[in-house]
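The structure appears below as structure tokens.
The values are calculated or read from the model by the stated rules, or taken from the named source; none is laboratory data. Predicted model only: the values in this text are computed from it and were never measured. Glycine gets a Cβ as well: all are built from the backbone with ideal geometry, and neighbour counts include every protein chain shown.
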Amino acid sequence: MNHKGITLIELVIVMVIIAIGAVLLVPNIGAWLPNYRLRSGTRDVVSTLRMAQMKAVSTNMPYGVGFDANACQLYRSSGGLIPEGSPVNLPSGVQFNNNTFPVDGALGKPFAQFNPNSSMASGGIITLQNPKGTERQITFNPSTGRVNVN
């Protein structure tokens with residue numbers, strides 16, 4: 001007799017193997033998650049900074065990014081600082097640890113400004129940190145406006 005298909009015993013064995021793999025994998029996810037959130041937050045901040053730089057060049061108007069404790073916001077500089085879009089919040093547990101940009105008087109918070117020629121008003125370093133103490137630095141070259149992640 002040639003019966004095609006699987007038996008109940010084969011199905012149970014496969015389910016047991018999957019369950020053992022899941023039990024071994026779950027503790028590792030907890031250790032991996034803070035580093036993933038740090039990378040994700042860094043990527044979001046760099047994306048906002050590059051958007052400010054591109055908009056400054058394309059509109060021939062200064063743009064910048066203001067930094068709060070756990071968020072950053074894109075601003076257009078036309079007769080004052082006008083926010084554009086919604087703030088970009090950092091993932092849970094990730095925060096700005098150190099920011100060397102000058103504080104803007106009108107905003108009262110650190111501000112990175114890009115000029116229409118793609119340069120920056122001043123260079124600086126932004127440091128993001130996760131709860132485990134791991135840090136990522138975003139550095140700037142003021143003459144070119146280049147954004148680097150370390």
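Data for the structure
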| quantity | calculated |
| --- | --- |
| Unmet requirement for Val57, which otherwise passes all of (1) closer than 18 Å to Thr144 by Cβ; (2) among the aliphatic types (A, V, I, L, M); (3) touching a strand residue (DSSP E or B) at 6+ places or on another chain (Cβ under 7 Å) | (3) |
| Hits in region 36-86 (condition: within 16 Å of the chain's Cα centre (by Cα), small (Gly, Ala, Ser) and closer than 13 Å to Phe111 by Cβ) | Ala52, Gly66 |
| Residue that is buried (at least 18 other Cβ atoms within 10 Å of the Cβ) and at pLDDT below 85, where the choices are Asn28, Asn99, Asn2 | Asn99 |
| First in region 116-145 and in contact (Cβ under 8 Å) with a residue 60 or more places away in the chain and within 27 Å of Ala31 (Cβ to Cβ), second anywhere and among the aliphatic types (A, V, I, L, M) and in a loop (DSSP other than H, G, I, E, B), Cβ under 9 Å, 6 or more apart | Leu128/Leu90; Leu128/Val94; Gln129/Val94; Asn130/Val94; Pro131/Val94 |
| Among (1) in a helix (DSSP H, G or I); (2) closer than 29 Å to Phe114 by Cβ; (3) among the polar types (S, T, N, Q) - the single one Gln73 does not satisfy | (1) |
| Residue within region 69-88 that is touching a Ser or Thr at 6+ places or on another chain (Cβ under 9 Å), hydrophobic (A, V, I, L, M, F, W, C), more than 18 Å from Pro102 (Cα to Cα) and loosely packed, with under 15 Cβ neighbours inside 10 Å present | no |
| Residue among Pro87, Pro116, Pro131 that alone is modelled with pLDDT of 90 or more and in a strand (DSSP E or B) | Pro87 |
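Yes/no per residue for (1) of a type outside the set (A, V, I, L, M); (2) in a helix (DSSP H, G or I):
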residue: His3; (1), (2): yes, no
residue: Ile18; (1), (2): no, yes
residue: Arg43; (1), (2): yes, yes
residue: Val46; (1), (2): no, yes
residue: Val65; (1), (2): no, no
